[in-house]
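What follows is a single structure, written as structure tokens, with notes after it.
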Amino acid sequence: MTKKYTSTLTDAQWQVIENKLPEQMLKRKRKWDLRFIFDAILYVLKNGCVWEDIPNDLPPKPIVYYYFKTWRDNGLLEYLSQELGGDYRELMGKSRSPSVGILDSQSVKNTAVSGQSQSGYDAGKKIKGRKRHLMVDTLGLIIVSWVSSADWSDRKAGSWLLAKLYMNRVDFPRLKTFFADGGYRGKLVEFVKNCYQRLGWELKIVKKEEKINKFEVLPMRWIVERTNAWNDNYRRLSKDYERKTESVEAFIYLAQIRLITLRFEKAINSSHI
């Protein structure tokens, strides 16, 4: 029996994840139960420690990292994030597929571990590191994420983010309209119109009204900012510690999985489902 940490899954939270795992994964016999492996990966996400510092009562580092790397590369974490996101939307009385996507980016400082690999300098934010590009729905749930060096412009990265969505478009049949701030204006709007016209996709730029000495929350953008704030609650995502950008994306999806399991448990305890 492992010790209970703040990142440890409860029975109700684990049930939410287990119900979405492929049947062949659940049938396979292992020395360590899948639940404890998830607990160990979530411990790293929540506490921001290196893999070697995983507590001794959890599965050892080589096993935990092996599963993280496997699930990162085979897309399981992204799949779980999308599936649970769809389930939560239905719980909230919405269609499983969103009809609106909101784009934004977040520049994050890197560390000596991540080094110079896919790292750059964001002159606007004066941050050396990487950029996390997110597309979220109106609930703030992640539709797709992509990580680049910090010197990539939002317009350039936006085309890659949309291309990644295009590959997964079968999972989001209602998604047609996209909102973004002024950093995405210009050629990207025409690019979407020309390349994705047959899909009916449209990118709309949310303009900011200039008001002197008055802070104004940009419509729609605050939803993505809230998602970034949720992610910042996990120390592993407070900076960029990863050697590979794919690992950053995997932790972003894992953070959403954790968030949704917490919300489902709250709904269960409130007798909403």
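None of the figures in this text is laboratory data; all of them are computed from the coordinates on show. None of the values given here were measured: they were computed from a predicted structure. Cβ placement follows ideal geometry from the backbone for every residue including glycine, while neighbour counts extend to all protein chains displayed.
Brief remarks on what is shown
Here's the yes/no breakdown for (1) basic (Lys, Arg); (2) surrounded by 14 or more Cβ atoms within 10 Å (Cβ to Cβ):
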{"residue": "ARG235", "(1), (2)": "yes, yes"}
{"residue": "LYS239", "(1), (2)": "yes, yes"}
{"residue": "LYS244", "(1), (2)": "yes, yes"}
{"residue": "SER247", "(1), (2)": "no, yes"}
{"residue": "PHE251", "(1), (2)": "no, yes"}
{"residue": "THR261", "(1), (2)": "no, yes"}
{"residue": "LYS266", "(1), (2)": "yes, no"}
{"residue": "ASN269", "(1), (2)": "no, no"}
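- Test: residue in the range 127-148 that is over 14 Å from LEU103 (Cβ atoms), part of a helix (DSSP H, G or I) and of a type in the set (A, V, I, L, M): no
- In the range 15-66, of all residues being buried (at least 19 other Cβ atoms within 10 Å of the Cβ) and part of a loop (DSSP other than H, G, I, E, B), the one that is nearest to the chain's Cα centre (by Cα) corresponds to ILE54.
- TYR121 being without any contact (Cβ under 8 Å) to a residue 40 or more places away in the chain and within 20 Å of the chain's Cα centre (by Cα): no
- Any hit, the range 1-11, residues being in a helix (DSSP H, G or I) and surrounded by fewer than 17 Cβ atoms within 10 Å (Cβ to Cβ): yes
- Residues satisfying the stated conditions in the range 67-95, i.e. among the hydrophobic types (A, V, I, L, M, F, W, C), in a helix (DSSP H, G or I) and without any contact (Cβ under 8 Å) to a residue 60 or more places away in the chain: LEU76
- Meets criteria (under 19 Å from GLU246 (Cβ atoms) and of a type in the set (D, E, K, R)) for LYS176: no
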